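The values are calculated or read from the model by the stated rules, or taken from the named source; none is laboratory data. Small disclaimer: the values here were computed from a predicted structure and weren't measured. So basically every Cβ, Gly included, is an ideal-geometry build from the backbone, and we count neighbours across all protein chains shown. Ligands, DNA and RNA are stripped out before the accessible areas are found, and what is left, the full protein with its side chains, is counted by its heavy atoms. Shrake-Rupley method; radii C 1.70, N 1.55, O 1.52, S 1.80 Å.
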Amino acid sequence: MILLRVIAGFLIGAIAGAALALALSIAAAEIFNISQMEGAYAMGVVSFIMPSGAVVGGIIGAVWLAMRRKPKA
């Protein structure tokens with residue numbers, strides 16, 4: 001049962017981490033006037049920043065759900 005909670009936590013955390021990384025990357029591009037010529041910035045976001053956010057978010061989500069206690073019936 002704990003394995004299912006860890007897998008679910010990882011999946012939820014990975015999706016949330018990737019979405020947060022994408023949102024922060026878009027905000028950083030606007031705030032710091034990062035050049036988006038020829039899509040180089042977008043390629044960096046999609047191939048490095050979003051997967052990194054997904055891994056970090058997945059680990060945090062898995063640990064968080066593994067550490068939660070089951071509600072008493």
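Values computed for the structure shown
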| item | result |
| --- | --- |
| Residue within region 27-46 that is in contact with a Lys or Arg (Cβ under 7 Å, 6 or more places away or on another chain) and either of a type in the set (A, V, I, L, M) or in a loop (DSSP other than H, G, I, E, B) (or both) present | no |
| Hits in region 15-46 (condition: touching a helix residue (DSSP H, G or I) at 6+ places or on another chain (Cβ under 9 Å) and of a type in the set (Val, Ile, Thr)) | 15, 26, 34, 45, 46 |
| Residue pairs meeting the criteria (Cβ under 9 Å; at least 6 apart or on separate chains; first open to solvent by less than 100 Å² (accessible area, probe 1.4 Å), in region 35-47; second in a loop (DSSP other than H, G, I, E, B) and among the small types (Gly, Ala, Ser)) | 41/35 |
| Condition met for residue 5 (of a type in the set (Lys, Arg) and not in a loop (DSSP other than H, G, I, E, B)) | yes |
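Okay, residues lined up against (1) of a type in the set (Gly, Ala, Ser); (2) touching a residue at least 40 places away in the same chain (Cβ under 8 Å); (3) in a helix (DSSP H, G or I):
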| site | (1), (2), (3) |
| --- | --- |
| 19 | yes, no, yes |
| 24 | no, no, yes |
| 51 | no, no, yes |
| 57 | yes, yes, yes |
| 66 | yes, yes, yes |
